Amino acid sequence: MATSTNQIQERSMPNIIEQKIFKSMSELLRRVGLDYRGGYVEVDGKRIHYLDYGEGAPVLLLHGGGSGSAIWFRQIEVLARTHRVIVPDHPVFGLSSQTVYKPPYPDCVVDYMTGLMDVLDIQTADLVGLSLGAQMAMATAMQIPERVGKIAAIGAAGLGKEFPLLYKLAGVPIAGRLIVRPNKWGQDTYFKTMEVVDYEFQDAIAYKQYAYDVTLMEGHPEAMRSSIGTIADFGGQKSIFSDEELRSIESPVLAIWGDGDQVFPVGHAYRLAQVVPNARLHVIENARHVPLLDHPVEVNKLLVGFLSSD
């Protein structure tokens, strides 16, 4: 059952770490003129936190394997002018349950997506995904196409074996425990070298604080390590969409990629654009894996145009 939305306050959270996450999340939202609007739902026994803004046709913004829902703060404000924008913290991230993703993957995330849409009474929605969130969106479109409208896939996972060495090592028991533990220096290095080009963009300090706070959640390091082990091993990504699966996507797809993406190289984007029947590709220059952070104006323009087109 869903809790009453818009009533959650930092002071109502007994856990001091949840209070920290709520505070840093709210700071990002305030930077774009938004007061907190959100709530919790229960999906298959998991406590899922989500943000909820605007009115109109629903759009779900699906974060990747990093921080949580507030990574979309600059997209939420723009898209909520014309749509209802729902932004969940997936299991293991943000303020949601630290519940491990278990095989088979990506079937488990399609089950999560179905349950989330059901409990929020959303029959059909456009999906905008980043990285693993984009893989989640495409897998949902393959298995339950009647629930999915358009898909915008930013730096999508699931299109090739390539995966950063850091993530491969995260699935190894001893190395993984060292890699996924809270570590501001390591997180900052990854942010500067893998996620963005302009690491001093306007909101960088506030975003990095939020991303770090999420890693402090009780049980997060082990849940993160185990979940990465479900998604990838030392050989790379475990679940790669076949050409047949990609051709089955009926939804219009906009692929957005940074030309310098070192997490999932831009060659993955060209495969998506060539194989998915109704797909087009936009490559952002001087960008890495998370262009929505340091290229928000360009990303927002692309999303608004795509979602509003016939």
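What is the residue count in segment 42-90 for residues that are over 22 Å from Q209 (Cβ atoms), hydrophobic (A, V, I, L, M, F, W, C) and crowded, with 21+ Cβ neighbours inside 10 Å?
9
Of the residues in segment 196-240, how many are under 23 Å from D259 (Cα atoms) and aromatic (F, W, Y)? Lay out the reasoning, then the answer.
At the first step, the residues of segment 196-240 found to be under 23 Å from D259 (Cα atoms) are 196-204, 207-208, 236-237, 240.
Subset that is aromatic (F, W, Y): 199, 201, 207.
Residues in segment 196-240 being under 23 Å from D259 (Cα atoms) and aromatic (F, W, Y): 3 in total.
Among the residues of segment 63-90, count how many are touching a strand residue (DSSP E or B) at 6+ places or on another chain (Cβ under 6 Å), free of Cβ contacts under 8 Å to residues at least 60 places away in the same chain and not basic (K, R).
8
Here is a yes/no grid of residues against (1) more than 20 Å from A269 (Cβ to Cβ); (2) of a type in the set (A, V, I, L, M, F, W, C); (3) modelled with pLDDT under 95:
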position	(1), (2), (3)
F93	yes, yes, no
P104	yes, no, yes
Y112	yes, no, no
D118	yes, no, no
S131	no, no, no
A137	no, yes, no
T140	no, no, no
E146	yes, no, no
A152	no, yes, no
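Going through T193, T189, T230 one at a time, which residue ends up being among the β-branched types (V, I, T), farther than 30 Å from A141 by Cα and in contact (Cβ under 8 Å) with a residue 40 or more places away in the chain?
On the way: T189 fails: in contact (Cβ under 8 Å) with a residue 40 or more places away in the chain; T230 fails: farther than 30 Å from A141 by Cα.
Among T193, T189, T230, only T193 is among the β-branched types (V, I, T), farther than 30 Å from A141 by Cα and in contact (Cβ under 8 Å) with a residue 40 or more places away in the chain.
Among the residues of segment 140-157 satisfying the criterion of being outside any loop (DSSP other than H, G, I, E, B) and without any contact (Cβ under 8 Å) to a residue 60 or more places away in the chain, which is farthest from E222 (Cα to Cα)? Let's see the steps before the verdict.
Quick first cut of segment 140-157, residues outside any loop (DSSP other than H, G, I, E, B) only: 140-143, 145-154.
In the following step, the residues that additionally are without any contact (Cβ under 8 Å) to a residue 60 or more places away in the chain were identified as 140, 143, 146-147.
Details: T140: 26, Q143: 29, E146: 35, R147: 32 Å.
Among them, the one singled out is E146.
Please work out which one of (1) closer than 17 Å to I228 by Cα; (2) in a loop (DSSP other than H, G, I, E, B) is the condition C108 fails and give its number.
It is condition (2) that C108 fails.
Filter the helices (runs of 4 or more DSSP H) completely within segment 191-303 down to those with at least 3 residues that are of a type in the set (A, V, I, L, M, F, W, C) and crowded, with 16+ Cβ neighbours inside 10 Å. Can you show your working first?
On the way: elements: 204-215, 220-231, 243-247, 266-275, 291-294.
Once the helices (runs of 4 or more DSSP H) in segment 191-303 are filtered for at least 3 residues that are of a type in the set (A, V, I, L, M, F, W, C) and crowded, with 16+ Cβ neighbours inside 10 Å, what remains is 204-215, 220-231, 266-275.
Determine, yes or no, whether R225 is at pLDDT 95 or above, among the charged types (D, E, K, R) and touching a helix residue (DSSP H, G or I) at 6+ places or on another chain (Cβ under 8 Å).
Details: at pLDDT 95 or above: no; among the charged types (D, E, K, R): yes; touching a helix residue (DSSP H, G or I) at 6+ places or on another chain (Cβ under 8 Å): yes.
Here the answer is no, as R225 does not meet what is asked.
The values are calculated or read from the model by the stated rules, or taken from the named source; none is laboratory data. Quick caveat, the model's predicted, so the values are computed rather than measured. Cβ sites come from the backbone with ideal geometry, for glycine too, and all protein chains shown count toward neighbours.
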